[in-house]
Every structure is written in structure tokens, then in C-alpha cells.
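Trainee: Next up is a structure, given as C-alpha cells.
The values are calculated or read from the model by the stated rules, or taken from the named source; none is laboratory data. What you see is a predicted model, and the numbers here were worked out from it, not measured in a lab. Positions of Cβ are backbone-derived with ideal geometry, glycine not excepted, and every protein chain shown enters the neighbour counts. Side chains are part of the model used for accessible areas, which takes the heavy atoms of the whole protein and leaves out ligands, DNA and RNA. Shrake-Rupley method; radii C 1.70, N 1.55, O 1.52, S 1.80 Å.
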Amino acid sequence: MSLNIIVLAKQVPDTRNVGKDAMKEDGTINRAALPAIFNPEDLNALEQALRLKDANPGSTITLLTMGLPRASEIIREAIYRGADTGIVLTDRTLGGADTLATSYSLAQAVKKFGNYDIILGGRQAIDGDTAQVGPQIAEKLGLPQVTYAEEILDLKDGKVTVKRRLESGVETVVAPLPCVVTVNGSAAECRPRNARRIQKYKYAVSPSEKEKLSDDLKAVVEKRPYLNLQEWSAAYVDADPQQIGLAGSPTKVKAIENVVFTAKESRTIENNDTELEDLVKELIANHTIG
Ligand SMILES: Cc1cc2nc3c(=O)[nH]c(=O)nc-3n(C[C@H](O)[C@H](O)[C@H](O)COP(=O)(O)OP(=O)(O)OC[C@H]3O[C@@H](n4cnc5c(N)ncnc54)[C@H](O)[C@@H]3O)c2cc1C
């Protein structure tokens, strides 16, 4: 059985490698100072999609990302690892979106895409950190959702069996297709880039990137349909202007504060069990820990 798989992925600033220039004076993220990367848990989701494709020859994986035009970089990254193609949903009117507007816009793009069997995404993005977008997309599309997925165990007869990793343990659930599955960072790591695919797809470009190529390279891209990534606008996915971008975002950031943790006092203790135990007891008693 061949599947039509959508993988939701976000290009994020690498907040795990924060240097001294990472914040601007007003406390907002200095995106220019941080490398833009594939959101880590979206790579876990991509690996689950690739395993489904391996088990179901003829399946297609399409990466869907909403962001700036340069987000097509993560589509190439996914293609190098085995995805087939991708769509960048990009439009000035989408800027400033909170999770509600983001999930509405992505749900519109999924509707436009049409024929899909399963939508996979990461549990959470490392910049926004809300873990809301996947579940909200499921709600908006009226689809069942499986969150905290660690492994897709089986997919057959219109149903998917998923192992979920929860704080309290492991749970196995079955959901009817189509459905949305959000994948944890504890899931299998994504396979590396494939050298042959890098050679074949290094000029896979979106229309705005194609414009910047030399005439010779443009001709190469035009001759090979698989090198043409798609760029969709808000109007193309029939998005209601009142539900996208800032207009569609009820979350308002009132103020941003820099919080710097400093040690007020310090104490040196001897390196022995008694002193350590006394310190732990004291910290529990004054509710610092526990
Ligand atoms: C008022 C306000 C203004 C904001 N303005 C901006 C802004 O101008 N620029 C900006 O970059 N951010 C902005 N944000 C942050 C933005 O709202 C969130 O980054 C975005 O809504 C996604 O939420 P998240 O990062 O928490 O994703 P999560 O819910 O943590 O993501 C879960 C999963 O959903 C999928 N997903 C999430 N986002 C996308 C995406 N864009 N494309 C494809 N898949 C996705 C991925 O699979 C991801 O792993 C703003 C937020 C607020 C509240």
C-alpha cells in the first residue's frame, strides 16, 4: 500500500547554541546571530515517515513548512535524507502568527494538499516551545491525534498503531487514518543525509530561489520537475486574512524581560556524606528542593 505522508517541520533558530549575541537589547531573539536549523523533533518525525515509506514502497513524503522563503533549506535537508518534495507556505501576511494562526494557516495548506493518509510532526519546536501546533491542526481538520509518539509500530487496514512515551510509562494506541501524530525527541534519530541524494537534489529550489540562479542552472531546474519545490501563498491556500498573521493571533506579548539568575550566597561544604546529607535536608526543609 502506498501512502501519502505529510511531515510538518519548522526552521528554528538554534537555541541550544546560544552565544553572547543571541539576545538583542530589547530582549528579543537576535535571529541573525543564531544558525537556522531543522527543528530537532521534526527530524524524529521525518525518520518515522521514512520508515513508513521503506515499509510501503511507492509512498511519498512531502515536507510542509511555514516560514520565510529560506525555509526551503530544511526541505532540501529532508530530501537529502529521503523525503520526496516539499512546500514552503510563505507570505508577508503570515508574519507574527501565534500558534492559533500558525495552525490555521498550516491546516489550510493541508486542505489544499488534499489526498493524505497521515500527518507527522514534532512534539514541540525549540523556539516557540508550546507543543500546540500539531494538536491544533488535528482539531482544525477534525482528525484524530496521537501525541508523544515514540514509534509507529504498524500501519495497515486504515489504522496506525503507535507507541507513546509518557512520563508515567509507555502506552500503545491505535488510531484510524488519516490522523496527526506528533513525535517525541526520544524516538529514533533521523538517518543521515545520503551522498547520492545530495548530488541529485542540490539544486532543488523554490521559485524565489530559482530566480537567483544563473540562466544555465535555471534551465537545468526547468528540465527536471523533481528539482522544483513549491511555494504557496496565503491566498493560494484560501486563508481568511483575519485568521492569519498578527490579525489572527489573539496572543499579545505585553513585555519581554531578561531574567538573569545570580547566586545570592554560597557555602562551601566538605566532600563527605554527612555534610552532603545535612545540606540536602536543609534544602528540603526550606523548600528549595523537594
Ligand atoms: C504575538 C506573537 C508573535 C509572534 N511573532 C512571531 C514572528 O514574528 N516570527 C516568528 O518566527 N515567531 C513568532 N511567534 C512565535 C510563533 O507563534 C510560534 O513559533 C509558532 O506559532 C509555532 O509555535 P511553536 O513554535 O510553539 O510550535 P510547537 O507547537 O511547539 O510545534 C509543534 C510542531 O508543530 C509543527 N510546526 C510548528 N510550527 C511550524 C511551522 N511554522 N511550519 C511547519 N510546522 C510547524 C512542527 O512539527 C513542530 O515540531 C510569535 C508568537 C506570538 C505569541
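Trainee: Per-residue counts of other Cβ atoms within 10 Å, averaged by peptide: what ranking do you get for 19-25, 191-197, 161-167, 116-122, highest first?
Mentor: Peptide ranking by packing, descending: 116-122, 161-167, 191-197, 19-25.
Trainee: For the range 1-63, count the residues as N, evaluate 2.2 N^0.38 Å, and divide the Cα radius of gyration by that value, please.
Mentor: Working: Rg = 16.7 Å, N = 63, 2.2 N^0.38 = 10.6 Å.
Taking the Cα Rg and dividing by 2.2 N^0.38 Å, one obtains 1.58.
Trainee: Where is the GNM fluctuation largest for the chain (alpha-carbon springs, 10 angstrom cutoff): Val170, Val18, Val253?
Mentor: Val253
Trainee: In terms of the Cα gyration tensor, with a ≥ b ≥ c the square roots of its eigenvalues, is the range 4-243 rounded because a/c is under 1.5, prolate because a/b exceeds b/c, or oblate? The partial results should precede the final answer.
Mentor: On the way: a/c = 1.41, a/b = 1.17, b/c = 1.21.
Verdict is rounded for the range 4-243.
Trainee: So, one more: Taking the alpha-carbon set of the range 1-143, what are its Rg and Dmax in Å?
Mentor: Computed over the Cα atoms of the range 1-143, radius of gyration and Dmax are 15.3, 54 Å.
Trainee: Running a GNM on the chain with Cα contacts under 10 Å, which residue among Ser168, Ser233, Ser59 ends up with the highest mean-square fluctuation?
Mentor: Of the options given, Ser168 has the highest mean-square fluctuation.
Trainee: Report the Cα-based extents of the range 175-290 along its three principal axes, largest first, to the nearest Å.
Mentor: 75, 44, 42 Å, listed from the longest principal axis down.
Trainee: Among Trp232, Gln242, Phe261, which residue has its Cα furthest toward the positive end of the charge dipole of the range 229-275, with +1 on Lys/Arg Cβ and -1 on Asp/Glu Cβ?
Mentor: Gln242
Trainee: Determine ³J(HN,Hα), in whole Hz, for all residues of the range 278-283 in sequence, where each value follows from phi through the Karplus function 6.51 cos²θ - 1.76 cosθ + 1.60 and θ = phi - 60°; x replaces Gly and Pro.
Mentor: Per residue, the Karplus-derived 3J(HN,Hα) values read 4, 5, 4, 4, 5, 5 Hz.
Trainee: Further, regarding this structure: Calculate for the chain the 222 nm mean residue ellipticity that helices alone would give, adding -39,500 (n - 2.57) per DSSP H run of length 4 or more and normalising by residue count, nearest 500 deg cm²/dmol.
Mentor: Value at 222 nm, helices only, nearest 500: -8500 deg cm²/dmol.
Trainee: Test of understanding: in a Gaussian network model of the chain with alpha carbons linked when under 10 Å, which of Tyr236, Tyr148, Tyr203 would top the mean-square fluctuation ranking?
Mentor: Comparing Tyr236, Tyr148, Tyr203 in the GNM, the peak value goes to Tyr236.
Trainee: Determine the sum of side-chain charges near Leu283: Lys and Arg each +1, Asp and Glu each -1, restricted to other residues whose C-beta is under 14 angstrom from that of Leu283.
Mentor: -3
Trainee: Moving to a separate point now. Work out from phi, with θ = phi - 60° and the Karplus expression 6.51 cos²θ - 1.76 cosθ + 1.60, the ³J(HN,Hα) of each residue of the range 243-259, listed in order in whole Hz, and give x for Gly and Pro.
Mentor: 10, 10, x, 4, 4, x, 10, x, 6, 10, 7, 7, 7, 10, 10, 8, 10
Trainee: Provide the percentage of antiparallel DSSP beta bridges, counting only those with both residues in the range 4-243; round to the nearest 5. It would help to have the intermediate numbers written out before the result.
Mentor: Working: 18 of 44 bridges.
That works out to approximately 40 percent antiparallel.
Trainee: Something else now. Enter the accessible area per residue of the chain (Å², integer; probe 1.4 Å; all protein chains in place). Show your work: numbers first, answer last.
Mentor: Values: 16460 Å² over 290 residues.
Accessible surface, normalised per residue, equals 57 Å².
Trainee: Could you work out how far helix 72-81 tilts from the main Cα principal axis of the chain, as a 0 to 90 degree angle to the nearest 10?
Mentor: Helix 72-81 sits roughly 90 degrees off the main axis of the chain.
Trainee: While we're looking at this one, here's another question. Which value, in debye to the nearest 20, gives the size of the charge dipole of the chain about its Cα centre, when Lys and Arg are +1 and Asp and Glu are -1 at the Cβ? Don't skip to the answer; put the middle values down first.
Mentor: Details: 36 positive and 40 negative charges, 272 e Å.
It comes to approximately 1300 debye.
Trainee: Listed here are the pairs Lys24/Lys252; Lys24/Lys210; Lys53/Lys156; Lys24/Lys254; Lys53/Lys163; which of them are more than 22 Å apart at the Cα?
Mentor: Lys24/Lys210
Trainee: Tally Lys and Arg at +1 and Asp and Glu at -1 over the other residues with C-beta under 9 Å from the C-beta of Arg81: what net charge comes out? Mind showing how you got there, number by number?
Mentor: Details: positive: Arg191, Arg193, Arg197; negative: Glu47, Glu77.
My count for the surroundings of Arg81 gives +1.
Trainee: Over all directions, how big on average is the projection of the convex hull of the alpha-carbon atoms in the range 99-140, in square nanometres?
Mentor: 2.9 nm²
Trainee: Of all the accessible heavy-atom surface of the chain, with the other protein chains kept in place and a 1.4 Å probe, what percent is carbon and sulfur? Kindly include the intermediate steps, with their values, before the conclusion.
Mentor: Numbers: 8300 of 16460 Å².
Here it works out to 50 percent.
Trainee: Let me ask another. Find the relative contact order for the chain and round it to a whole percent, using C-alpha pairs within less than 8 Å whose residues are 6+ positions apart.
Mentor: Relative contact order of the chain: 22 percent.
Trainee: Quick one: which residues, 5 or more positions from Leu89 or on another chain, have an amide H under 5 Å from its amide H? H modelled 1.01 Å from N in the peptide plane, none for Pro or chain starts.
Mentor: Thr65, Met66, Gly67, Trp232
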